[in-house]
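The values are calculated or read from the model by the stated rules, or taken from the named source; none is laboratory data. Predicted model only: the values in this text are computed from it and were never measured. Note: ideal-geometry Cβ built from the backbone for every residue, glycine included; neighbour counts use all protein chains shown. The protein model used for the area step is the full one, side chains on, heavy atoms only, and it has no ligands, DNA or RNA in it. Shrake-Rupley method; radii C 1.70, N 1.55, O 1.52, S 1.80 Å.
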Amino acid sequence: MARAVKFDRYGGIDELRVVEVPTPTAGPGQVVVAVVAAGINPGEAYIRSGAMHDRWPSTFPSGEGSDFAGRIVELGAEVGGIEVGDEVLGFTDDRASHATHVVVPFAQVTPKPAGLDWDVAGALYVAGTTAFATIRAVEANAGDTVVVSGAAGGVGSIAVQLLRVRGADVIGIASPANHDWLRKVGATPVAYGDGLIDRLRAAAPNGVDAFIDTFGADYVDIAVEIGVPVERIDTIINFAAVEKYGVKADGNAAAGTIDVLTELADLAAAGTVEVPIAGAYPLDQVQDAYRELEQRHTRGKIVLHP
């Protein structure tokens, strides 16, 4: 038997449980992966709470998780170019990666680069492809000044670095505890809270070209107030602001492909992009992992170890 995280109804963290389930088997075109590390994401917490029922409804009992890295343990028919024992990272569209085993189409895995940390590999898909999508949405280019809210979080920390790879000047909104890290990766840190608009104007005296909101709250309002064109504002969480202003809402769905994941894995393996790991928890401590995540003060990613 395999083991997997499940929840039977919408609710709080205490709805999560780890149960025995039949070990998945590979059908035609599929592979089974023994999971070594699987990232957790804020969107999964919103789905479990029921806050996203209209957008992403659940059927019960529901699993969770999209990100994973592990080793191939079974190949289905019509699978080529991959072998049992290969180390891979990938994604599932079935809310199923928070488990000891996951079955996916073989086109949804890519080889794990040699030397890439397992935790980074297992936490890269959702945050990395979301960050990629936001940068593409705001059309960030060399010389642009781009503000990122939640700049030390799972998505924001990757977005900041991908922007620097493109040659953009980055202003990262984050708590003072994360300012040294933001400076290390080439961003200008700015603290959130009262007086933020004045601090942003001081940090960008020639104006802000684009704004990426990974946190929500009133950051889209702030972006509009400081004069960022609405077509160059992207939020991954504040869908009410999308309706209000007509800003973009590109996220994982806009860039969640194996080609983008492969590119991100290569950047991470080369050290071009650092993916901070805020914490790692055994599968049985999934509730504790989400308690840390839902405080919204972590730097980088939290992973489960099935």
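Taking square-rooted eigenvalues a ≥ b ≥ c of the alpha carbon gyration tensor, is the stretch 139-206 rounded, prolate or oblate, where a/c under 1.5 means rounded and, failing that, a/b exceeding b/c means prolate?
oblate
Trypsin sites (Lys or Arg not before Pro), restricted to the stretch 55-151: which are DSSP loop and have at most 14 other Cβ atoms within 10 Å?
Loop-located and lightly packed - R55.
If you project the alpha carbons of the stretch 1-148 onto their three principal axes, what span does each projection cover, largest first, in Å?
Extents along the principal axes, in whole Å: 51, 40, 25.
So, with +1 on the Cβ of K and R and -1 on the Cβ of D and E, and no other charges, what is the size of the charge dipole of the stretch 94-218 about its Cα centre, to the nearest 20 debye?
280
Evaluated at 10 °C with a viscosity of 1.306 mPa s, what Stokes-Einstein diffusion coefficient in µm²/s does the chain have when Rh comes from the Kirkwood expression over alpha-carbon pairs?
81
Please say if the stretch 79-154 is rounded, prolate or oblate, where rounded means a/c under 1.5 for a ≥ b ≥ c the square roots of the C-alpha gyration tensor eigenvalues, and otherwise the choice is prolate for a/b larger than b/c and oblate otherwise?
prolate
Taking the Cα centre of the chain as origin, work out the dipole magnitude from +1 charges on Lys and Arg Cβ and -1 charges on Asp and Glu Cβ, in debye rounded to 20. Don't jump to the answer; show the numbers that get you there.
Numbers: 23 positive and 40 negative charges, 71 e Å.
For the chain, the charge dipole is close to 340 debye.
Please report, as a whole percent, how much of the solvent-accessible surface of the stretch 1-113 comes from carbon and sulfur atoms (probe radius 1.4 Å).
Accessible surface attributable to carbon and sulfur in the stretch 1-113 totals 52 percent.
With 10 Å bins from zero, work out the P(r) of the stretch 232-287 over every alpha carbon pair and list the percent per bin.
Answer for the stretch 232-287: a P(r) of 19, 25, 37, 18, 1 percent.
Taking only Cα atoms, what is the 0 to 90° angle, nearest 10, from helix 125-137's long axis to the longest principal axis of the chain?
Between helix and principal axis, roughly 40 degrees.
To the nearest Å, what is the center-to-center distance of the stretch 150-170 and the stretch 1-73, using C-alpha atoms only?
Rounded to whole Å, the Cα centres lie 28 Å apart.
With the cut-off at 1.5 for a/c, could you classify the stretch 205-301 from its C-alpha gyration tensor as rounded, prolate or oblate? Intermediate results must be reported in sequence, preceding the final value.
Numbers: a/c = 2.05, a/b = 1.49, b/c = 1.37.
It is prolate, given that a/c is not under 1.5 and a/b is the larger ratio.
Which residue, D54, D266, D284, has the most motion in a Gaussian network model of the chain that connects Cα atoms within less than 10 Å?
D54
Taking all protein chains together and a probe of 1.4 Å, list W56, W118 from the most accessible to the least accessible.
Output order, biggest surface exposure first: W56, W118.
Treat each spin label as a single point 7 Å out from the Cα along the C-beta direction, and report the E263 to T25 distance in nm.
3.9
Roughly how tilted is helix 154-165, in degrees to the nearest 10 and between 0 and 90, from the longest Cα axis of the chain?
60
Return the carbon/sulfur percentage of the accessible area of the stretch 127-199, one whole number, probe 1.4 Å, all protein chains in place.
In the stretch 127-199, the share of accessible area belonging to carbon and sulfur is 47 percent.
If I stretch the segment between D284 and A202 completely, what's the gain in nm (0.36 nm per residue apart, minus their alpha carbon distance), one decimal? Walk me through the numbers before you get to the answer.
Numbers: separation 82, 0.36 × 82 = 29.52 nm, distance 4.69 nm.
Between D284 and A202, full extension yields 24.8 nm more.
Which residue, chosen from V126, T272, T257, occupies the Cα position most advanced towards the positive end of the dipole of the chain, where the dipole is computed from +1 (Lys, Arg) and -1 (Asp, Glu) charges on Cβ about the Cα centre?
T272
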